[in-house]
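The values are calculated or read from the model by the stated rules, or taken from the named source; none is laboratory data. Model, not experiment: these values are computed from the prediction. Please note: Cβ atoms are built from the backbone with ideal geometry, for glycine as well, and neighbour counts cover all protein chains shown. Surface areas here come from the heavy atoms of the whole protein model, side chains and all, with no ligands, DNA or RNA. Shrake-Rupley method; radii C 1.70, N 1.55, O 1.52, S 1.80 Å.
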Amino acid sequence: MTTATEARAPQAVSMRRILPPIVTGQEVVLLVVLVVLWVLLGIFTPAFLTPGSIGPLLVQVAPIALIGVGMTFVIITAGIDVSVAGMIMVSAVVTARVLVSYDVPAIVAVALAIVIGAALGALNGVLIAYGRVHPIIITFGTANVFTWLGLRVFNSSTVNGIPSTLEFFGRGSAGSTLGVPHSFAIAVLAVAVAWWFLRYAKSGRNLYAIGGNQNAARLAGIKVQPRLVWVYLITGALAGLAACMIIATGTSTLDQSVGSGKELQVIAAVVIGGTSILGGRGSVVGTLLGAILVQTVVSGVTQLGWPTQLGFLFVGIFILIAVGTDIIRERARRARA
Amino acid sequence: MTATTTTPAPERRAEPTSRVREWLGSGILRDRAVLLLALIIVLLVAMSILDALGLTSGTFNSDYLASTLIAYVPLALLALAELFVITSGRGGIDLSVGSMVSLTGIVFAMLYQQVGLPLLVAVVLAVAFGALLGAINGVLTAYLGYPALITTLATFYAYRSIALVVSEQRPISGPEISEFYNAAKAVELPVIGGTLPLVPLGVFTFLIPVAIVAWFVLNRTTYGRKLYAIGTNDTAAQWAGIDTRRTRMMAYVTAGAISGLVGVYTVAQFASARPDAGTSGSGMALPAITIAVLGGVAITGGIGKLSGILLAALLIVWLNASILLVVPGNEGAQAQLLALGIVLLGASLLSNATIRRRQAGAPPRLAVPATAPGAPK
């Protein structure tokens, strides 16, 4: 064993130390759990493993996975963003109002939603990076402000008669190509880009350094504050894009509960995916699998005819199991070192 | 060696006077309780002026302020629960308090209404059940090493789900519970009665006893000192011989027990046990954490005072009540969100700026109180 390690070229050893394996243990575990769940659900509810059931499931996964990409960045830097629901609400209601009033093309609506989300995210980022207050406090504060803003735009009523401009993201036949929902494909694309970014781009590696030890990262010459602003800005932008998907998958009416509870769902997907809440470790592939797992559990419970609310009990249990296995593996890793 | 150990002595003797001078020189921002008190006074004066000018939609007087205290009780109690958990350090936080409120409320209503237990027994069992839920959080966090955010996110989902499933998503109500409503309604104080406004009974039956016990535990018991010690520096506390896991776990148990009590209170307040009492909308956990932070509890642990919690909750409740008078209807309810957000952001940014300015100037002071075990002699 020792001779083999010594024989390895120093370059290879150092690369191995810097980059984790392409698929980490947590992702394999998740994949196995998902396969087992899908097979079990397929056996007990024959309707589960049909395109008519998997398609809508993937459509619902898409916004969670998409925001999960940004949230993974945030949590890798040892931050957290609990204002996601507020950002979704503001982006969704403004975009819906514009769609109703001005009949703009889809691309303009999507751009508008993303810009609004990015602006709100940038506000989070600036306050966190330069105010140097713990992210959870800042985003609790901005969550309240964003919710107020969203409710003001709602103006105590619902937004009615939203045109089907955004059907590209929807559940219908216009929303999928060859059975793959567009929104899910976009989420997978975002995950792929983020995976490359976190693994190979210099600024991606910097995020891990910031999460591992912010002071050390600063002393190593990393521009910590601009990086943090970007991370929260991207989360906001993705929340904006997700808002478009949420509008498209809903009815022609948007009510004030839009986005409610999404922040915790996204955080659940990220931590089930193996990203350490303490920062410095995590992967977006895990987040995608985590999002699929959460939605599978919630939909599966409904399809089995159990009370819908029971699904969230299992989500809680899965969070504990996923993080528990991660803690055990981390201890084993440290014991070996 | 002897020289270094004896030199701090004269410095310590001079401390009381220097502390007073320091406090006066630093202005009001350093002590959170003073800042909050000042804000409350500013609010009351501003509202009195607006009321005198006739710009409010209702009368702003002591009766109105006293009646809003019915919302003050659960808010202050849950913020107190967060004080224990956040002060215990290592990322301590409890997102599950709202779910525990819902679940213990349902359990209480079942025991009291459907099983027919005496009131006192049902209340004690409900609080004990809350403590059990908190103990689950505590074991996972303190003994198994889960980050508190993860533990309580998971149990937030789990407890909320159990509350909704067990109750079949229907509120529990009945004659006994309707009778119990009296526990929350406003009463005239005996003895000093007529001269004071009517204060909701819940303040006396729920809040004040808990606040007195909490003050005693935090400031006059070894447990309190241990709690601040593990929150300030976990490793140092361990080396000082403190059972850090047990101490941390007890913080979560306390939070659970207080949530259980709030669960009972909400049953009284609404005259029925709602399965989503603590989780509807954005839930009770987020306001509770917000108020704890506003009250000066450091999210990094080790710092937090009961006075800050009580004043911060009072500020928010009265601010909300004032907003409803100035901005009536739905808009007012929405403006409360804005106010809460702005006050939280402003207070945390401001206090952080003052802390940093102090750190830049003076050498850091020990955060562990001199009476704590392991503090330098």
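With respect to the conditions (1) touching a residue at least 60 places away in the same chain (Cβ under 8 Å); (2) surrounded by fewer than 19 Cβ atoms within 10 Å (Cβ to Cβ), A:Lys202 lacks only one, and its number is (1). Filtered by the rule that a residue be outside any helix (DSSP H, G or I) and crowded, with 24+ Cβ neighbours inside 10 Å, the range B:76-92 gives B:Ser88, B:Gly89, B:Gly92. The residue that is nearest to A:Gly55 (Cα to Cα), counting only those in the range A:178-188 that are in contact with a helix residue (DSSP H, G or I) (Cβ under 6 Å, 6 or more places away or on another chain) and surrounded by 15 or more Cβ atoms within 10 Å (Cβ to Cβ), is A:Pro181.
Can you confirm whether A:Val104 is within 12 Å of chain B (Cβ to nearest Cβ), modelled with pLDDT under 95 and open to solvent by less than 40 Å² (accessible area, probe 1.4 Å)? Considered against the rule, which asks whether it is within 12 Å of chain B (Cβ to nearest Cβ), modelled with pLDDT under 95 and open to solvent by less than 40 Å² (accessible area, probe 1.4 Å), A:Val104 comes out as no. A count restricted to the range A:147-185 and to residues that are more than 23 Å from A:Ala65 (Cβ to Cβ) and not in a helix (DSSP H, G or I) stands at 9.
Reported count of residues in the range A:126-146, each being assigned to a helix (DSSP H, G or I) and within 21 Å of A:Leu264 (Cβ to Cβ), is 13. Considering the range B:51-75, the residues that are aliphatic (A, V, I, L, M) and modelled with pLDDT of 90 or more include one that is surrounded by the fewest Cβ atoms within 10 Å (Cβ to Cβ), namely B:Leu75.
Considering the range A:107-134, and only residues there that are away from chain B (no Cβ under 14 Å) and in contact with a Gly (Cβ under 6 Å, 6 or more places away or on another chain), the residue that is farthest from A:Lys223 (Cα to Cα) turns out to be A:Ala113. When A:Gly305 is tested against (1) within 13 Å of chain B (Cβ to nearest Cβ); (2) modelled with pLDDT under 85, exactly one condition is not met: (1). Inspect all residues belonging to the range B:122-129 and state whether any of them is of a type in the set (Val, Ile, Thr), within 14 Å of another protein chain (Cβ to nearest Cβ) and crowded, with 18+ Cβ neighbours inside 10 Å. Scanning the range B:122-129 turns up no residue that is of a type in the set (Val, Ile, Thr), within 14 Å of another protein chain (Cβ to nearest Cβ) and crowded, with 18+ Cβ neighbours inside 10 Å. Pairing each residue of the range A:91-110 that is under 13 Å from A:Leu254 (Cα atoms) with any residue that is among the polar types (S, T, N, Q) and open to solvent by 20 Å² or more (accessible area, probe 1.4 Å), provided the two are 6+ apart or on different chains, yields C-beta distances under 8 Å for A:Leu99/A:Thr165; A:Val100/A:Asn160. Tell me, yes or no, whether the range A:298-313 has at least one residue that is under 30 Å from A:Ile128 (Cβ atoms) and either hydrophobic (A, V, I, L, M, F, W, C) or open to solvent by less than 40 Å² (accessible area, probe 1.4 Å) (or both). Yes. When B:Thr247 is tested against (1) open to solvent by 20 Å² or more (accessible area, probe 1.4 Å); (2) under 30 Å from B:Val34 (Cβ atoms), exactly one condition is not met: (1).
Filtering the range B:79-109 to residues that are of a type outside the set (Val, Ile, Thr), within 14 Å of chain A (Cβ to nearest Cβ) and on the phi < 0 side of the Ramachandran plot leaves B:Ala79, B:Glu82, B:Gly92, B:Asp94, B:Leu95, B:Ser96, B:Gly98, B:Ser99, B:Met100, B:Ser102, B:Leu103.
If you go through the range B:159-171 one residue at a time, do you hit one that is buried (at least 23 other Cβ atoms within 10 Å of the Cβ) and either touching a strand residue (DSSP E or B) at 6+ places or on another chain (Cβ under 6 Å) or more than 7 Å from chain A (Cβ to nearest Cβ) (or both)? Yes.
From the residues in the range A:141-177 that are open to solvent by less than 10 Å² (accessible area, probe 1.4 Å) and at pLDDT below 90, which one is farthest from B:Pro287 (Cα to Cα)? If we take residues in the range A:141-177 being open to solvent by less than 10 Å² (accessible area, probe 1.4 Å) and at pLDDT below 90, then A:Gly175 is farthest from B:Pro287 (Cα to Cα). Count of the range B:259-303 residues, restricted to those that are more than 10 Å from every other protein chain (Cβ to nearest Cβ), within 25 Å of B:Thr247 (Cβ to Cβ), outside any helix (DSSP H, G or I) and more than 10 Å from the chain's Cα centre (by Cα), is 4. In this structure, B:Leu144 does not qualify as among the aliphatic types (A, V, I, L, M), surrounded by fewer than 20 Cβ atoms within 10 Å (Cβ to Cβ) and under 28 Å from B:Phe216 (Cβ atoms). For the range A:85-101, residues that are of a type in the set (S, T, N, Q) and open to solvent by less than 30 Å² (accessible area, probe 1.4 Å) total 2. Condition test on B:Ser99, is it touching a residue at least 40 places away in the same chain (Cβ under 8 Å) and part of a helix (DSSP H, G or I)? When the stated conditions are applied, B:Ser99 passes them. Looking at B:Thr152, is it modelled with pLDDT of 90 or more and touching a Phe, Trp or Tyr at 6+ places or on another chain (Cβ under 7 Å)? No, not satisfied. Among the residues of the range A:321-337, those identified as surrounded by 21 or more Cβ atoms within 10 Å (Cβ to Cβ) and aliphatic (A, V, I, L, M) are A:Ala322, A:Val323. Pairs are defined by a Cβ separation below 7 Å, a sequence spacing of at least 6 or placement on different chains, a first member in the range B:325-342 that is within 7 Å of chain A (Cβ to nearest Cβ), and a second member that is assigned to a loop (DSSP other than H, G, I, E, B) and among the hydroxyl-bearing types (Ser, Thr, Tyr); the pairs so defined are B:Asn330/A:Ser156.
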